[in-house]
2 protein chains.
Amino acid sequence: MRFFEDLSVGDTYEYGTYDVTEDEILEFAEQYDPQWFHTDPERAEEESMYGGLIASGWHTVAMTMRLIVDGYVGDMESLGAKGVDELRWWAPVSPGDALSIENEVLELTPESESRGLAKIKTTTYAERESGDVEKVCSFVGLSMFGRKRDE
Amino acid sequence: MRFFEDLSVGDTYEYGTYDVTEDEILEFAEQYDPQWFHTDPERAEEESMYGGLIASGWHTVAMTMRLIVDGYVGDMESLGAKGVDELRWWAPVSPGDALSIENEVLELTPESESRGLAKIKTTTYAERESGDVEKVCSFVGLSMFGRKRDE
């Protein structure tokens with residue numbers, strides 16, 4: 001188990017990958033973001049300015065979160081998050097993409113004897129079926145972690 | 001169908017409700033945010049600082065998005081979003097809560113002949129099983145909408 005004290009400003013971590021499927025894009029969007037360019041592959045192909053079906057931005061963030069938890073938060077004393085700043089969707093995510101993430105610790109603030117706040121910037125990249133890699137999403141998370149106890 | 005021009009700064013819209021279930025909290029978290037306070041009701045009850053199972057913050061946002069789409073975006077010429085600023089989780093969401101949202105148009109910027117950018121603040125409220133209502137989440141969305149065409 002790792003704690004707030006195990007993070008250092010400037011640390012970077014890279015993790016991957018999450019394979020994006022059309023079925024999962026449709027399933028997420030039908031439940032949470034039923035806009036036609038997320039739920040109707042044929043209409044998206046014909047009419048969308050994105051040229052085809054794309055994942056809900058919230059789905060992209062959810063897949064990113066899974067990479068974060070599997071990558072490092074799952075091994076830390078995580079206490080949840082206060083929020084995120086500057087969430088941006090730079091480019092769409094499509095079926096067949098493979099997502100990976102890069103994390104950089106920006107700022108560390110002890111908040112109490114038992115808890116610290118970490119500002120961590122996460123950037124999500126999509127490797128396209130062509131092999132090209134593109135930045136698709138980034139945000140600055142305000143995450144709380146437990147502090148080491150002297151025992 | 002409504003367009004960018006149909007929005008006015010200061011407009012507010014309220015929509016609801018989305019009923020939060022334990023099953024859906026578990027399903028979302030097992031796929032996207034498998035931290036124990038989102039996936040293990042018994043351990044959450046015994047050990048979590050939140051006093052019981054809570055929804056992933058990303059799940060809260062996803063349910064909020066569903067209320068946004070059903071509420072107004074589904075009837076607009078929506079072109080997706082660039083991102084969100086100042087996303088905050090003010091209080092946890094629990095099984096049995098009923099979510100509703102309030103939206104306020106903060107800023108409108110035409111970006112081209114065919115597209116405008118709307119800054120819209122969304123606030124999510126949870127009505128608890130006790131009947132109490134609490135703010136649980138807020139963010140400022142940067143959403144793109146199609147403009148009316150003269151034909």
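Read-outs throughout are calculated quantities, based only on the coordinates presented, and are distinct from any laboratory measurement. The structure presented is a predicted model; accordingly, all values stated were derived computationally and were not measured. When we count neighbours, we look across all protein chains shown, and the Cβ atoms used for this are built from the backbone with ideal geometry, even at glycine.
Assorted remarks:
- If you run the Gaussian network model on chain A, springs between alpha carbon atoms under 10 Å, then out of A:Val73, A:Val93, A:Val133 the most flexible one is A:Val133.
- Using a 7 Å projection from Cα along Cα-to-Cβ, the label point at B:Met49 is separated from the same position in the remaining copies by 4.2 nm, smallest value first.
- Summed residue charge, Cβ within 12 Å of B:Thr109's Cβ, Lys/Arg positive, Asp/Glu negative: +2
- Candidates B:Thr39, B:Thr64, B:Thr109, ranked by Gaussian network fluctuation over chain B, Cα under 10 Å, top entry: B:Thr109
- Amide N proximity, segment A:54-71 versus A:Met1 label position 7 Å along Cα-to-Cβ, cut-off under 19 Å: A:69-71
- Position B:Val140, label points 7 Å along Cα→Cβ, spacing to each other copy in nm (shortest first, one decimal): 1.4
- Taking B:Gly116, B:Gly131, B:Gly141 in turn, the Gaussian network model of chain B (Cα-Cα springs below 10 Å) assigns the largest fluctuation to B:Gly131.
- Global form of segment A:4-146, assessed from the alpha-carbon gyration tensor, a/c cut-off 1.5: prolate
- Distances between equivalent label points of B:Gly74 across the copies, with each point positioned 7 Å along Cα→Cβ, amount to 3.5 nm, shortest listed first.
- Helix-derived mean residue ellipticity, 222 nm - over the protein assembly as shown, DSSP H n ≥ 4, -39500 (n - 2.57), to 500: -7000 deg cm²/dmol
- When only Cα pairs below 8 angstrom with a gap of at least 6 residues are kept, chain A shows a relative contact order of 30 percent.
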